[in-house]
Amino acid sequence: MREFAEKFYKSNTWQCCREAYAGHVGHLCERCLKRGKIEPGEIVHHKVYLTPENINDPAVSLNFDNLELLCRKCHAEEHTGVTIRYTLDEFGRVIMSDP
């Protein structure tokens, strides 16, 4: 996590916003849902990335229009451009995923 964002992401305001947004969209990954897959959403992602200049602007940092609930795979793909093709089962074994 970037240092400038650590305080924001730990704040009660963000925690409440994140939970409210996840409930608002039904706790499912929005990108997977668009592809017809049902996956639980785990990370509330900012479409316009937070920067030191905009993090204190609630129109960017707390606005539902700038948020998207993603599963870990979709979030990793967003930030790395690489599709993760595996997951781990409950015992920590690698499971190949659908492309």
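For residues in segment 62-72 being crowded, with 18+ Cβ neighbours inside 10 Å and in contact (Cβ under 8 Å) with a residue 40 or more places away in the chain, which is farthest from Phe4 (Cα to Cα)? It comes out as Cys71.
Scanning segment 41-55 finds one or more residues that are free of Cβ contacts under 8 Å to residues at least 12 places away in the same chain and within 13 Å of the chain's Cα centre (by Cα).
If the condition is being outside any helix (DSSP H, G or I), of a type in the set (Lys, Arg) and exposed (fewer than 12 other Cβ atoms within 10 Å of the Cβ), then segment 6-61 contributes Arg35, Lys47.
Here, each number is a calculation from the coordinates, and none is a lab measurement. Note that this is a predicted model, so its numbers are computed, not measured. Methodologically, a virtual Cβ is constructed for each residue, glycine included, from the backbone with ideal geometry; neighbour enumeration extends over all protein chains shown.
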